[in-house]
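Scroll down for the structure; my scribbles are underneath it.
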Amino acid sequence: MKNRIMRSVICLIVLWLAACSSLFPTPIAKLLEDPRSFEGKQVQVSGVVVESISILVLKYFVVQDDTGEITVITQRPLPRKGEKVKVYGKIQEAFSLGDQQLIVLSEDPGKQ
């Protein structure tokens with residue numbers, strides 16, 4: 001009986017930790033170091049807006065945390081430079097040319 005209760009408690013803790021991991025921001029450096037493992041997956045980043053640009057129909061801003069910075073493509077109104085933000089979205093490769101590549105976060109407009 002004690003073993004069954006202990007296994008149930010351990011399973012609940014593991015499930016809870018897995019659910020909570022999606023609540024915490026992923027360090028930007030981790031996303032940029034291994035973008036293939038995050039491609040197409042929903043992630044969250046948190047940081048300060050260091051750049052904000054709108055060119056015709058393309059709107060993007062750059063978020064910086066303690067580990068690095070990433071470009072965020074959005075359809076929503078742009079945040080102000082210096083604003084602290086949390087962004088949910090999917091990692092994508094914008095372009096690759098030789099050994100250079102641009103990894104971006106495509107913001108999910110339904111999540112805030």
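We did not get these values from a lab; they are worked out from the coordinates using the rules stated. These numbers come from a predicted model, not from an experiment. In this analysis, Cβ positions are derived from the backbone assuming ideal geometry, glycine residues included, and neighbour counts consider all displayed protein chains.
A few notes on this one:
- Relative contact order of the stretch 25-107, pairs being alpha-carbon contacts under 8 Å that are 6 or more residues apart, as %: 32 percent
- Positive-end extreme of charge dipole, the stretch 25-107 - chosen from 26, 53, 92 (charges on Cβ): 53
- Difference of contour (0.36 nm per residue) and Cα-Cα distance, residue 37 to residue 73: 11.0 nm
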